[in-house]
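For reference, the structure discussed in these notes is given below.
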Amino acid sequence: MNPARKSGKQINRMVIGLCAGGGGGGMAAAAHIAAAMGLDIEGLFIEDEDLFGLAALPFVTELQSGTLTARPVDRTRLEHEMRAAASALQRALAAAAQPARASWRFASVRGHIESVVATATAPGDVVAVLEPAGPFSQAAHAAVKLRRAAMRSPASVLYIPEAARWRPGAVVAVLDGGSESHGEVLRKAVAIAAASRQQLVVLEAISGSAGKAGLSSLLEAYALGPAHLLVRGLEADSPEALEHALHPIAQSLIILARGALGLDEEGELMRLAARHQVPVLALEPKAG
Amino acid sequence: MAMTTSRRGAAKGDKAGDNPLRLAPGQLLRRCDLSKLAFRTTAELADGDLIAGQQRAIEALRFAAAIERPGFNLFVIGPPGTGKRSLVRDYLKARAKALPAPSDWVYVNNFADAYKPKAVQLPAGQATAFRDAMAELIEDLGTILPAAFESENYQNRHGAIDEQFRHRQEEGFEALKSEAEKNHIAIMRTPMGFAMAPATEDGDVMKPDAFNALPEEKRKATEEVIGQLQDRLGTILKSIPKWDKERRQAVRELNRETAKAAVAQPLDELKSRFAGVAPIQEHLQVVQKDLIDNAGLFIAERREDDSGIVAISSSDTRFDRYQVNVLVSHEDGGGAPVIEETHPSLGNLVGRIEHIAQQGTLTTNFRLIKGGALHRANGGFLLVDIRQILLEPLSWIALKRALRNACITIESVSDYLGAMSTISLEPDPVPLKVKVALLADRMTYYLLSEYDPDMRELFKVVADFDDSQPWSQDAAPGYAHMIAVLARRESLRPLTRDAVARVIEQAGKQVEDSQRLSLVLEPVADLLREADFLAGEAGRKAIGADDVAAAVLARRRRAGRLEERAREHITRGIALVDTAGEAVGQVNGLSVLSLAGFSFGRPSRITARVRLGAGKVVDIEREVDLGGPIHSKGVLILSGYLAANYAPDTPMSLSASLVFEQSYGGVDGDSASAAELFALLSALAEVPLRQDLAITGSINQMGQIQAIGGVNEKIEGFFDLCAERGLTASQGVIIPAANVQHLMLREDVVEACAAGKFSVYAIETAEQGIELLTGKTAGRRGPDGAYEAGSVNSKVEERLVGFAMARKRFGAGKDGGTAQ
């Protein structure tokens, strides 16, 4: 049995929110992290209801990205294309999950993005947001809504920057001075580091933090020796100090609590992920 | 009708011992006298080579090996077993040692055209070092290049390029996005592109009903703004491919720059290591350019073990293009090569291009080029058996083409035949400078010289190995020395001096000549081996004369089944051959049967019948196609002799027939023509011939008896038959006097002759033969032109005149011919 599950945590599902035009970039990294955390994957393709509404506005045209030609929005054609996009994403998910040996499901739901995500997620889940390729897609209505929905959900959130791949590197656990969820962050970080056989780097805002309590026994439980652990201090309880501390470290994943270091907007976490080209897992405090 | 008498016992005529034609025992076998040589066994003789008697061939060999002109290749001819192969090999090896080691040759990838691999010439001994250095370079680059591309510097610069690209997109898009937000327009991502939609102040997409409820003016304004924004979006999207192309170009430049810096040092090290070797320097320049252009090969699918070492698997074919295929390599200072190719197939001779099956398709590359014997011998000597070359399809053509063009071109059978083939390689030809020595038997050489016009151009020198040498007094010590060397090389026991003498005598017997010694050493070596075996069985430390004699006897016994069976047929009366008494028109001829290298003499009865006729002697063998042309020639010659010597003024009115009785195989050669003449004369004169004598020899039109082959076996064959029936002292064999010099008879035959139990007569003329066989005077013509009355010749002539008269009586043409 996976140590993560054995530890009795409630997290047991990773919901990957997907929209039309979102592409499959980052899906392999999501699958790898899900496997390391012992989570089942649920691909959730959302057919944005707002898009179908455009068909009722005759002056609205669709600019095709390949040919750069405009055409009217046709509801029937849109439905077909939505199904095709869902199928493509489902295949991409299967291909990503197979080498990671993660179990997966896939569902397609039509509705408003925020309400679908709110309905589909629970406090024990991890919602994965895969940043689409290019600034246009990233700024598009669906991507914005999806990020916002994830942030507003009761689940933990995994931000995966555009086309990020899982790469060897340290699992970085960030412990700020004010968070109450140090224990959960450490537990998850140790579990993932052990599962992916990577070094664990603990960045702590205050030396000797109480959050580190039990770290030794955790390492022991996951059969990680001292060589697998590096503890560094953060000069300040701020995003800038985190940037400074991350600079020399080759990372594979950053784990922190939601709201840690004042990073409480989805845009900030996504930018952190994009700058370092590494997934960022923001744990919902209550999840632990 | 031929009449056979039943009279047995002593033959009439001369006593054997009194006849001047009878040969003395000393004439029947030449003894080898080594008493003047001061050695007890061959162990005391110095080591040396086996070139005695082959000065002519050695001179040719020296000349061909030394002359450096095209076409002066060597044809080494001679009978098998003369030791020509080992002699040529030893000589060429000795000469090659003094020559400089030739260049090494490697094949490398042709980066401009992979189907035409480049042949690169390197100083001797450099090929393998270069190959290993290149393999090491690729292994090193397997670590160096990925490290360079993962370096912080590279990542930062790559990131900057990506960021610039992203920034350009964002720059264009930001203004559009602000404008859209300001006008409450949402940018929507559809499965296939983008769309603009009216939005609420909260940024949510406005529902159609809500939009339609807006004042028309507001709706129109929104529609107009959406149209404008969509146009601007189209313009921006149109620019993205161009920006992306610029980004890719920038990344490519960065990659080239990074790769160039990364490969520079290891390649510089390699260049300095092979400084002064221009072909390597040139190749490394090309390799460097290719490495820079294709650094991605080293980045893709990098496999790193726990220690951080990047392993480049031997099965990883991506790096084959940088490998070096060593075609031929020589040790510097090791001399020129001497290559002996025993299986000169086309591929083994000129090299071949191998293929490997990959996913059901045969593929190849320059690493699968394999060198041939010509490559290995290039700069030295190649030794090949011509028969082996001629047996291999296309090898002879390929060898001649390579020698004529002075280069080795690797071509497959299908290339030569012009047949369709799959895409294959066309490797650079390799310049060729080689001396080829072809080993052949004489017949093959003469046939090729006659029918292959290239021979004179490409093989100008012939080394003709003799099969025998004169047996002079001076030759014996040299031959004894050669026997000593043979015994030593074969690790045999040394031979006593007497044993050496016996072996030398056998060497004379081998060529059937008391004046020559065989230079075909293989049978001599076999005799030594067999004698050594017998000496070993007897526990002797040296091979004695008895061992040699026993070995000869044992060999004869082993091979003698057929001979014994043939003799048994005669002694049992199945084959009719008399060894006593007299008979008219019947004589004992002698023939030699040779099977699988073993020869023996066999007596045969030859008979003649005569009658009135048109002057024709019928050769029955010829009539039934059992007689060869030389035999027929002999019969026609004796007819000429008959016509010229008897009743020359009267028409030849004879019809005669000659036959080898109980001969069911072919008969050829003219060695029985004398016997046939005597049978015919006997039949004409009705004078009986002695059956205790056998005769061999050919006759010419002048009545002279000429030399024949196989004289020893023939005498021994008749002797063995007589001995089995019991020697009567009158028995013997008549041979041409010209063959006396060839006599090397067995010891037992010589002993019997010495004891007066058997005789060998040598004759020069037909008259001598007539007198020996009939015991009567042959008869000479007197002053009146008539033969001496009562002589054999007189009786022959009388009979022929009688035939002519009778024919005259019967009238011309009644007997199928016209009298002349």
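The values are calculated or read from the model by the stated rules, or taken from the named source; none is laboratory data. For clarity, every value in this text was computed on a predicted model and none was experimentally measured. Cβ coordinates were reconstructed from backbone atoms using ideal geometry, including for glycine residues, and neighbour counts include every protein chain displayed. Please note that ligands, DNA and RNA were not included when accessible areas were found on the heavy atoms of the full protein model with its side chains. Shrake-Rupley method; radii C 1.70, N 1.55, O 1.52, S 1.80 Å.
Some values worked out for this structure:
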| quantity | calculated |
| --- | --- |
| Partner aspartates and glutamates for B:K616 [C-alpha distance under 15 Å; skip if fewer than 8 residues away on the same chain] | B:E676, B:D815 |
| Within straight-line cross-link reach of B:K116, lysines at Cα separation under 16 Å, skipping those fewer than 8 residues along the same chain | B:K370 |
| Rg [Å, one decimal], Dmax [Å, integer] - region B:166-252, C-alpha atoms | 15.5, 55 |
| Most mobile of A:G43, A:G66, A:G124 in a GNM of chain A (Cα contacts under 10 Å) | A:G66 |
| Accessible surface ranking that places the most exposed of B:F173, A:F106 first, with a 1.4 angstrom probe | A:F106, B:F173 |
| Cα lying deepest toward the dipole's positive end in chain B, options B:A672, B:A755, B:I410, charges on Cβ | B:A755 |
| With at most 13 other Cβ atoms within 10 Å, longest stretch of chain B clear of loop GluC sites (Glu not before Pro) (DSSP) | B:491-820 |
| Carbon and sulfur %, accessible surface of the protein assembly as shown computed with the full protein complex present, 1.4 Å | 51 |
| Global form of the protein assembly as shown, assessed from the alpha-carbon gyration tensor, a/c cut-off 1.5 | prolate |
| Accessible surface ranking that places the most exposed of B:Y787, B:Y451 first, with a 1.4 angstrom probe | B:Y451, B:Y787 |
| Residue of A:E47, A:E114, A:E79 that the Gaussian network model of chain A assigns the largest fluctuation, springs spanning Cα pairs under 10 Å | A:E79 |
| Linear extension gain, B:K616 paired with B:D231, 0.36 nm per residue minus alpha-carbon span | 126.2 nm |
| Total accessible area lost when A and B pair, probe 1.4 Å, Å² to nearest 100 | 2900 |
| Angle in degrees between helix B:673-685 and the longest Cα principal axis of chain B, rounded to the nearest 10 | 30 |
| Nonlocal amide H pairs with B:A463, under 5 Å, H built at 1.01 Å | B:F75, B:V76, B:I77 |
| Taking chain B and dividing mean pair separation by its residue count, relative contact order in percent (alpha carbons under 8 Å, at least six apart) | 18 |
| Mean residue ellipticity (222 nm) of chain A, computed from DSSP H runs ≥ 4 via -39,500 (n - 2.57), nearest 500 | -11500 deg cm²/dmol |
| With DNA, RNA and ligands ignored, accessible area of A:Y222 (1.4 Å probe; Å², nearest 10) | 40 |
| DSSP beta bridge pairing in the protein assembly as shown, given as percent antiparallel to the nearest 5 | 45 |
| Around B:A60: net Lys/Arg minus Asp/Glu count, Cβ-Cβ under 13 Å | +2 |
| MRE, 222 nm, helices only [DSSP H, n ≥ 4, -39500 (n - 2.57), over chain B, to nearest 500] | -14500 deg cm²/dmol |
| Cα gyration tensor of chain B - equivalent ellipsoid semi-axes, whole Å, descending | 99, 35, 21 |
| Test item: Cα-centred dipole of the protein assembly as shown, Lys/Arg +1 and Asp/Glu -1 on Cβ, debye | 3360 |
| Under the Debye formula (equal points on every Cα, no solvent term), log10 I(q)/I(0) of region B:589-697 at q = 0.11, 0.19, 0.21 Å⁻¹ | -0.34, -0.97, -1.16 |
| Estimated vicinal HN-Hα couplings, Hz - region A:216-222 in sequence order (Karplus 6.51, -1.76, 1.60; Gly, Pro = x) | 4, 5, 5, 4, 4, 4, 9 |
| Rg and Dmax [Cα atoms of region A:170-287; Å; Rg one decimal, Dmax integer] | 12.9, 37 |
| Under Karplus coefficients 6.51, -1.76 and 1.60, residue-wise ³J(HN,Hα) of region B:341-358 in Hz, glycine/proline x | 9, 8, 10, x, 5, 3, x, 5, 8, 9, x, 8, 10, 8, 10, 10, 8, 10 |
| Computed FRET value (nearest 0.05) for B:R31 with B:D649, which takes r as the C-beta separation and R₀ as 45 Å | 0.25 |
| Loop sites in region B:33-79: trypsin sites (Lys or Arg not before Pro), DSSP, at most 15 other Cβ within 10 Å | B:K36, B:R40 |
| Too-long pairs where the Cα-Cα distance tops 24 Å, listed order kept, from B:K36/B:K714; B:K118/B:K433; B:K84/B:K509 | B:K36/B:K714 |
| Cα gyration tensor category, rounded, prolate or oblate, for region A:3-160 with a/c compared to 1.5 | prolate |
| Partner lysines for B:K182 [C-alpha distance under 25 Å; skip if fewer than 8 residues away on the same chain] | A:K145, B:K207, B:K218, B:K220, B:K238 |
| Per residue, in Å², the accessible surface of chain A once ligands and nucleic acids are set aside, probe 1.4 Å | 40 |
